[in-house]
Structure formats: structure tokens, C-alpha cells
Amino acid sequence: MNILSVSFNFSTNSLRYAVTVEVITSDGRVIVGTFKGFDQTTNVILSSCHERVFSETEGVETLPLGLYIIRGDNIVLIGEIDLERDASVDLTEIRAAPITDITRR
Amino acid sequence: MVELKNGETFNGHLVNCDNWMNLTLREVIQTSPEGDRFWRLPECYIRGNTIKYLRVPDEIIEMVKDDAVRQRQQAPVSSSRGRKS
């Protein structure tokens, strides 16, 4: 698949370390994983990723997902995660409303 | 496993793909968005622009790395062919 070969060419040129990112998708999902690659249409490859499900009543639920290729059409946001700051957060204490999906008016 | 934008999921073996992410799968289990209805399809074709995401086995990452290294090793060999001295 083209996307995989493009992404590995990129990573051997500049990135020599694993970056953890958080991706928010158009259906309101929050997915955290190791950023493995991308292409011109912002399709993204995340390895060892998991979904964080936020709830107003219970702590954050973490669902393991594995190796994901997310199509660029569905990506809203990609952010780099500072692992130290993320580790200092106690996910079980967080109460938050889940993000809604993209609504077109 | 492929999830489409409409929430349907397709579990099967990837036979072919192209630059537009169109896929052909074999031995497919199709699940409705609600997760209540299932179909078994011997093969199916999925248009790339309907895909939300793909879940692939973790081993693929290793296979692709080997593939990329091998391609780079073969490239210098083929580019020196045909040079006139």
C-alpha cells in the first residue's frame, strides 16, 4: 500500500524517535497512539493505539485498539502528547462530557 | 477490519488495494452499524472514500519495514543499469 511506503521514507529522514499523538476523529472519538506515518491526504497510521472514552459519571475508559490506519477524511485534530504530563493525570478522576460528532447545519 | 463512514464493519482478508484505498476483501463478515445484523460475503469490494478507518494486525508494521528496506536496497542497483560509458 502506498501510504505505508511513503510514511516509512519520511520517518527515516527526520524522526528517529516514537511520537505519541492524540487524534480526534469526526465522530468524536479520541484515539491515542504512536504516530507511525502519514501521507498527502493526512491518512494516519497509529500503532499500539487505544481509545479514551470520556464520561460525565465515570472515569476515563481506555479501549485497546492495536494498529490503526485512519483515513484523512475523518481526522479533525492531531496533537502531540507530552508523555510526562499525560502520565501525571489520573484518568479515573476525570469527568468530562464526550465530544459529539461533526454536525452539519 | 474496515469500518465505513456509515458505521458498517467488514472483517476479512485483504486481497488487493490501490492508490485510492479501494479494497477487495475475501471471506468477509459484514456487520450493520447497530451491530445487530450480520452477513457473510465470499468477497467484496469497498470504495476507498467510504472508509473511516482500517484496523490491521500488528505484524504488518514489521513486514512493511522489511519491504521498505528491501526497496531501498534494490533501487541503487536498478538506477545504475543502462548507463553508457
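Would you say residue A:77 is within 12 Å of the chain's Cα centre (by Cα), closer than 24 Å to residue B:4 by Cα and either within 12 Å of chain B (Cβ to nearest Cβ) or among the charged types (D, E, K, R) (or both)? So residue A:77 fails the test.
Filter segment A:23-36 for residues that are of a type outside the set (A, V, I, L, M, F, W, C) and surrounded by fewer than 18 Cβ atoms within 10 Å (Cβ to Cβ) and give the result. Those that are of a type outside the set (A, V, I, L, M, F, W, C) and surrounded by fewer than 18 Cβ atoms within 10 Å (Cβ to Cβ): A:26, A:27, A:28, A:34.
Among the residues of segment A:37-49 satisfying the criterion of being surrounded by fewer than 17 Cβ atoms within 10 Å (Cβ to Cβ) and either touching a Gly at 6+ places or on another chain (Cβ under 8 Å) or on the phi > 0 side of the Ramachandran plot (or both), which is nearest to the other protein chains (Cβ to nearest Cβ)? Talk me through it step by step, then tell me what you get.
Looking only at segment A:37-49, we keep the residues that are surrounded by fewer than 17 Cβ atoms within 10 Å (Cβ to Cβ), and these are A:40-42.
Narrowing the set further to residues that are either touching a Gly at 6+ places or on another chain (Cβ under 8 Å) or on the phi > 0 side of the Ramachandran plot (or both) leaves A:41-42.
Values: A:41: 9, A:42: 13 Å.
Applying the filter and picking the extreme gives A:41.
When the strands (runs of 3 or more DSSP E) confined to segment B:1-75 are screened for residues that are under 13 Å from the mean Cα position of the chain (by Cα) and closer than 18 Å to residue A:68 by Cβ, those reaching at least 2 such residues are found at B:2-4, B:9-17, B:23-31, B:51-56.
Could you tell me whether residue A:89 is surrounded by fewer than 13 Cβ atoms within 10 Å (Cβ to Cβ) and more than 12 Å from chain B (Cβ to nearest Cβ)? Criteria met by residue A:89. Answer with yes or no whether residue B:56 is modelled with pLDDT of 90 or more and more than 8 Å from every other protein chain (Cβ to nearest Cβ). Spelling it out, it is not the case that residue B:56 is modelled with pLDDT of 90 or more and more than 8 Å from every other protein chain (Cβ to nearest Cβ).
The values are calculated or read from the model by the stated rules, or taken from the named source; none is laboratory data. Computed from a prediction, not measured in an experiment: that's the story for all the values here. In this analysis, Cβ positions are derived from the backbone assuming ideal geometry, glycine residues included, and neighbour counts consider all displayed protein chains.
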